[in-house]
1. Of everything in the range 71-81, what is crowded, with 16+ Cβ neighbours inside 10 Å and within 14 Å of the chain's Cα centre (by Cα)? Give them in sequence order.
2. Out of 22, 61, I need the residue that is under 22 Å from residue 81 (Cα atoms), at pLDDT 95 or above and open to solvent by 20 Å² or more (accessible area, probe 1.4 Å). Which one?
3. Consider only pairs whose beta carbons are under 6 Å apart and that are at least six residues apart or on different chains; among these, list those whose first residue lies in the range 37-62 and is outside any loop (DSSP other than H, G, I, E, B) and whose second residue is of a type in the set (Lys, Arg).
Amino acid sequence: MCKTEIFADILDTVSKETEIPKERILSESKDAEVVDARYILVKLLTDTGMYPSQIASKINKTRRAVNYIISNFSNRETAGKMLRIYLDNIKKRLGNR
C-alpha cells in the first residue's frame, strides 16, 4: 500500500469511528472532538512510519504543528477518556485489514 492509500484508509477509519466528517478533521476547527480526531489521525500515521513532513502536507498543517501533536499526544490521551476509547477501537479496525 502506498502512502496516499494508507493516509486515506486511516482518515476514513478515524472519520467513521469518531463520526466526524473527513473535511472537519482536516479543517482548522478547534472543537475538542475534532482536535481529538486529528490527534488520533497523526498518531496512527506516525505509527505507520510516516514522517512529520509527510503528514503535514497531507493534513495541511506545518511540520511544527505535527511535531507538537506527536509530542503532546500522551498528555491529551491522559486527559481524554474518549480519545483512548476511539484509538483502541480504530486500532482494532485497522488491525483486521
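The values are calculated or read from the model by the stated rules, or taken from the named source; none is laboratory data. Remember, it's a predicted structure, so these values are computed and weren't measured experimentally. Neighbour counts are summed over all protein chains in view; Cβ atoms, including those assigned to glycine, are modelled from backbone coordinates with ideal geometry. Accessible surface is based on the protein model in full, side chains and every heavy atom, while ligands, DNA and RNA are left aside. Shrake-Rupley method; radii C 1.70, N 1.55, O 1.52, S 1.80 Å.
1. Result: 73, 76, 77.
2. Going through 22, 61 in turn, just one is under 22 Å from residue 81 (Cα atoms), at pLDDT 95 or above and open to solvent by 20 Å² or more (accessible area, probe 1.4 Å): 22.
3. That search, which allows pairs on different chains as well, returns 39/76; 52/63; 53/63; 56/63.
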